[in-house]
Structure formats: C-alpha cells, structure tokens
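Comments concern the structure below.
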Amino acid sequence: MKSELAEMAMDEQRTMREDEAPDAVPVPHALVPHLDEIAILLDIDGTLLDLMPTPREVWVPPGLSDTLNRLTERTSGALALVSGRSLNDIDLIFAPDVFRAVAGHGAEMRLSADNETDDVHAPPLDKELKRRLAAIAKLSPGILLEDKGYSLALHYRLAPHAEKAIYESVSVIRADLPNAPIEVLPGKFVCEIKHSGFTKATGVRELMKREPFKGRRPIFIGDDVTDETVFAIMPDMNGLAFSVGRRAMGVNGHFDAPGDVRAFLARLLDPR
C-alpha cells in the first residue's frame, strides 16, 4: 500500500509540472484503502463551511458532522480541524461534537476529543495594543471586531470599502510599536493581528509529531491566504495540499467550493 501511495504522489507531481495550478483532486476510491495511513487536516471557513456575511452566521450542513465522526473512526482518530478560530469557537459551531484541532492559527491544540486544550503556544495580546486595534472598528459601520485573546480580528465583509483604511490604521499602530512581536494576517475580508512566532504551519508540524497523527501522510485542504503556510510544508511530510475556491500555487489540486469538499469527504466512506 505504501508503494501505491508513493505512485499517487508521483502522478500528482507530474500534474503539477504540466500545470502549475492543477485541477486534479484525489480520486476518492483510490484513497479509501489507505485511510489507515493518512491524516486528514481540514480548514473550516471557506473549506468545510460556506462563508457567510459574519463569522457567527456559519452553520454545519446536515450530514457533515456524521461524515467527520466516521472519518475520525476510520483513520483511528487522525482527523483534525486546522483553523484561525479559537477552540471554544470551533466547539460552539460543531456542538455537541468535539474534534481534534489546531486552532487560533497554531496558538491552541487539542489532540483528544476528551480534552479541552492540550497545548497553548501564545500569550494574550497586550491590553493597550488590543485597545488601539479595537478602535479601528469605529472607522465604519459593518466592521466587526473579534477578540480571541491571543489575536484580534477585524472582519469587514459587511464593509468592503473600509479595507484600505483598516490596513493603513494597522500600519500606523505597528510603526508606533516597531518592537511589538505581532504579525498581520490578511484573509478573506478579515485583517487579523496576532503574536508572531506561530502559524497554522507550526501547529500542523507539532500535530504531526503526536499520536495518532505521527507517521501518517497528511492531506490538507484549505482556502485562504493563512492556509498557504500549510500548503508550503506538505512536501516536507510527503503530504498533499488542496485549495478551495481558487487555484493556489504549489498545491496538488483544488476544489471549486466547500460543497465539493464535503462531497469528497463523504465519498471517502463509500467502500464502492
């Protein structure tokens, strides 16, 4: 089975050389016999779930939680959500189900569905810094503020005209605090400011050192700019990366929409 997986990787790499941003995604039935060898890593917003005007409006379509639970069982627990959301937020969305996760762009990790948090890598943002960043939300109605403790996000899907003003204001604050250990993460209608030193990629690297993920081949699916750090490290782990909604560079293929990702995952459970 290992040789078959290696051949699949070679086929995908050939596809990448022929087209730098390929259309190919794995044929589900080719992966079904290898679920005991892979780890399934999934972004949430824009990947598993359709994007909504505000982060609080996302919802889990019927059948998705059942699919994730069954894949968790089939992979002996090697399924994890990889998100910029906090663990608490993820749990609220998927309640009553609880999944292993890398959360907060790598700031939090949960390796067991029975534990609240296994590891926290980031201290909370400075209160004065957060106060100044939070004031940016007053630039325009429709800018929504999300305080995650270790990061602060400014969502502007309801105020897209404010994008330039938001980033300019953040730049001014960073110029005033050149030594502050912070990083700005641009996303789909969101500007997030967090402590530097941790990313989704650092979280995934740590996750893949731990059971039940250790020794498995990761398959990561993501959609946003913040997922590109994980796309970049998949070759180091003999992993596969797939983007959603856009043909990201350096991935093995892409899905058009979250609905296609959900259908793909469901088909992994079909023995036919």
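The values are calculated or read from the model by the stated rules, or taken from the named source; none is laboratory data. Fair warning: this is a prediction, and the values are worked out from it, not measured in the lab. Every residue, glycine among them, receives a Cβ derived from its backbone with ideal geometry; neighbour counts consider all protein chains shown. Surface areas here come from the heavy atoms of the whole protein model, side chains and all, with no ligands, DNA or RNA. Shrake-Rupley method; radii C 1.70, N 1.55, O 1.52, S 1.80 Å.
Overview of values
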| quantity | calculated |
| --- | --- |
| Share antiparallel - DSSP beta bridges, the stretch 118-272, percent rounded to 5 | 70 |
| Residues with amide H under 5 Å from that of F99, placed H, sequence gap 5 or more | none |
| Share of carbon and sulfur in the accessible heavy-atom surface of the stretch 127-195 [1.4 Å probe, %] | 58 |
| Distant-in-sequence amide H partners of G46 (H built 1.01 Å from N, under 5 Å) | L51 |
| For the stretch 144-160 versus the stretch 170-237, the gap between their alpha-carbon centres in whole angstrom | 17 |
| Accessible surface, 1.4 Å probe, highest first, among residues R262, R56 | R56, R262 |
| Given the chain, longest segment not containing exposed loop GluC sites (Glu not before Pro) (DSSP; at most 11 other Cβ within 10 Å) | 117-272 |
| Long pairs among K188/K214; K138/K164; K130/K164, criterion Cα-Cα beyond 24 Å | K188/K214 |
| Value at 222 nm in deg cm²/dmol, rounded to 500, when DSSP H runs of n ≥ 4 in the chain each add -39,500 (n - 2.57) | -9000 deg cm²/dmol |
| Nonlocal amide H pairs with E192, under 5 Å, H built at 1.01 Å | L154, L185, G187 |
| In Å², nearest 10: area of T75 left accessible to a 1.4 Å probe | 0 |
| Dipole axis of the chain (+1 Lys, Arg; -1 Asp, Glu on Cβ), positive-most option in L51, I166, N88 | I166 |
| Surface accessible to a 1.4 Å probe, per residue, for the residues of the chain, Å² | 46 |
| Accessible surface ranking that places the most exposed of Y167, Y156 first, with a 1.4 angstrom probe | Y167, Y156 |
